[in-house]
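Peer 1: My questions all concern the structure below.
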Amino acid sequence: MAFVDEVRVQAKAGRGGDGVVRWLHAFGKDKGGPSGGDGGKGGDVILEGVRDLAQLATYRFTKKVRAGDGEAGGNNDKHGADGEPAILRVPVGTVAKNRTTKEEYEILEEGQRIVILRGGAGGFGNPHFKSGENRNPDRATPGKPGEAGDIELTLKLIADAGLIGFPNAGKSSLLNALTSSKSKVGAYAFTTLEPNLGDFYGFILADVPGLIEGASSGRGLGTKFLKHIERTGFLVHLVSAEQDDVVAAYRVVRDELKGFGRELEGKREFVVLSKTDLIDSKGEIEVRVKALREASGAEVLPLSIADDTLLKAFSDRLSMLLRSRE
């Protein structure tokens, strides 16, 4: 199933049940007094957080969601049953925007519930209208309609670390090497068109599709994937050793983070000179590592997926960084 991170649904809360006109029936009395029950409340539309990043895909073909209506009141002051709520189960990290009212709601924890559309109130039965002047009111009120809205659901990934960098910088290969992920790998740009996730000793790593110059203004894969970086604990920035100017490549991605805003530029960063097996000279690798260290002010490690020693050193360091954030 394709990864889905944006969907829209038309949602409607339930209508309240009608109040009713009813009478007590006693021996010798046609009208023993008002006894019509109130209508039940309409069901709410509720967001619920789940630990399933594929959950939004279930709404691709379900464009309308409706909660149950409340039941009408009954005899002998019997209250109508409330309508069943409509539960929109969404991945943790989902933002729901009501495009009708412009209100936004955010799910940050598994099991968290937020009412985004309220069901209508039930109507009153005729006992509510009894007074000293009117002992036998022949009046009840209908239930109120529930709220409705055009709901936009957008997933912003929540991952412990995000792998970022130019297209074809080796992010998918690294994710596959560290986790059980089976991300697509190819010798061309934009192999990864959707974020891939992997479990690294209980921590979630996200392979964010490649960024290019102009991404923050929509070029290439654009802002669609920059938003995922917002919800990563820290960044693992891969710069391929095959770049002629590794510092320039590094700065392009950093400029896009800055251009996108939302505090992305200030996230903690760990820099990796990837694909070092493409460089024959060990001295040249050291020169590029030093240049990246000076440009970034961050820790820089050389890495080749084909070199078990370098891969283990990177894995150990990544594990240490992740555990230090617990």
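The values are calculated or read from the model by the stated rules, or taken from the named source; none is laboratory data. Keep in mind that this is a model prediction, so the values were computed, not measured. For neighbour counting, all protein chains shown are included, and Cβ atoms are generated from backbone atoms with ideal geometry for every residue, glycine included. These accessible areas exclude ligands, DNA and RNA; they are computed on the full protein's heavy atoms, side chains included. Shrake-Rupley method; radii C 1.70, N 1.55, O 1.52, S 1.80 Å.
Peer 1: Given 0.36 nm per residue, what is the gain on full extension from A298 to K282 after removing their alpha carbon distance, in nm?
Peer 2: That pair, A298 and K282, stretches by 3.7 nm at full extension.
Peer 1: Can you give me the accessible area per residue for the range 265-314, using a 1.4 Å probe, in Å²?
Peer 2: 56 Å²
Peer 1: Show me 291-300, 61-70, 80-89 ranked by packing, highest mean number of other Cβ atoms within 10 Å first.
Peer 2: Output ranking for 291-300, 61-70, 80-89: 80-89, 61-70, 291-300.
Peer 1: Here's a follow-up. Compute the helix-to-body angle for 308-324: its Cα long axis versus the longest principal axis of the chain, expressed 0 to 90° and rounded to tens.
Peer 2: The answer is roughly 40 degrees.
Peer 1: If I compute solvent accessible area with a 1.4 Å probe over the protein chains, what percent of it on the chain is carbon and sulfur?
Peer 2: Ligands and nucleic acids excluded, carbon and sulfur reach 47 percent.
Peer 1: Defining a contact as two alpha carbons under 8 Å apart and six or more residues distant in sequence, what relative contact order in percent does the range 68-187 show?
Peer 2: Normalised by residue count, the contact order of the range 68-187 is 21 percent.
Peer 1: Oh, and also: Just want the answer: with Cβ charges of +1 for Lys and Arg and -1 for Asp and Glu, which residue in G122, L108, P137 is farthest toward the dipole's positive end in the range 104-148?
Peer 2: With unit charges placed on the Cβ atoms, the residue in question is P137.
Peer 1: While we're looking at this one, here's another question. As a check on your grasp of the helix formula, calculate [θ] at 222 nm for the chain: sum -39500 (n - 2.57) over DSSP H runs of n ≥ 4, divide by the residue count, round to the nearest 500.
Peer 2: Result for the chain: -6000 deg cm²/dmol, rounded to the nearest 500.
Peer 1: Given the Cα-Cα distance of A54 and V115 and 0.36 nm per residue of separation, how much length would full extension add, in nm?
Peer 2: Here the answer is 19.8 nm.
Peer 1: A further question follows. Treat every Asp and Glu Cβ in the range 1-142 as -1 and every Lys and Arg Cβ as +1, leave all other atoms uncharged, and give the resulting dipole magnitude about the Cα centre to the nearest 20 debye.
Peer 2: That gives the range 1-142 a dipole magnitude of about 460 debye.
Peer 1: Projected onto the charge dipole of the chain (+1 at Lys/Arg Cβ, -1 at Asp/Glu Cβ, origin at the Cα centre), which of G42, G80, L175 gives the Cα projection farthest towards the positive end?
Peer 2: In the chain, that residue is G80.
Peer 1: When the Karplus curve 6.51 cos²θ - 1.76 cosθ + 1.60 is applied with θ = phi - 60°, which whole-Hz ³J(HN,Hα) does each residue of the range 299-304 get, with x for Gly and Pro?
Peer 2: 5, 10, 10, x, 8, 9
Peer 1: Could you give the angle, 0 to 90 degrees to the nearest 10, between helix 246-260's Cα long axis and the longest principal axis of the Cα atoms of the chain?
Peer 2: Its long axis makes an angle of about 20 degrees.
Peer 1: Next question. Using alpha-carbon pairs under 8 Å, 6+ residues apart, how would you state the relative contact order of the chain in percent?
Peer 2: Once normalised by length, the contact order is 15 percent.
Peer 1: Placing unit charges on C-beta atoms (Lys and Arg positive, Asp and Glu negative, everything else neutral), compute the dipole magnitude of the chain about its Cα centre in debye, rounded to 20.
Peer 2: Its charge dipole is roughly 1120 debye.
Peer 1: Counting only Cα, what are the radius of gyration and maximum Cα-Cα distance Dmax of the chain, in Å?
Peer 2: Considering the chain through its Cα atoms, Rg and Dmax are 29.1, 108 Å.
Peer 1: By average Cβ neighbour count within 10 Å, what is the ranking of 109-116, 14-21, 197-204 from highest down?
Peer 2: Output ranking for 109-116, 14-21, 197-204: 14-21, 197-204, 109-116.
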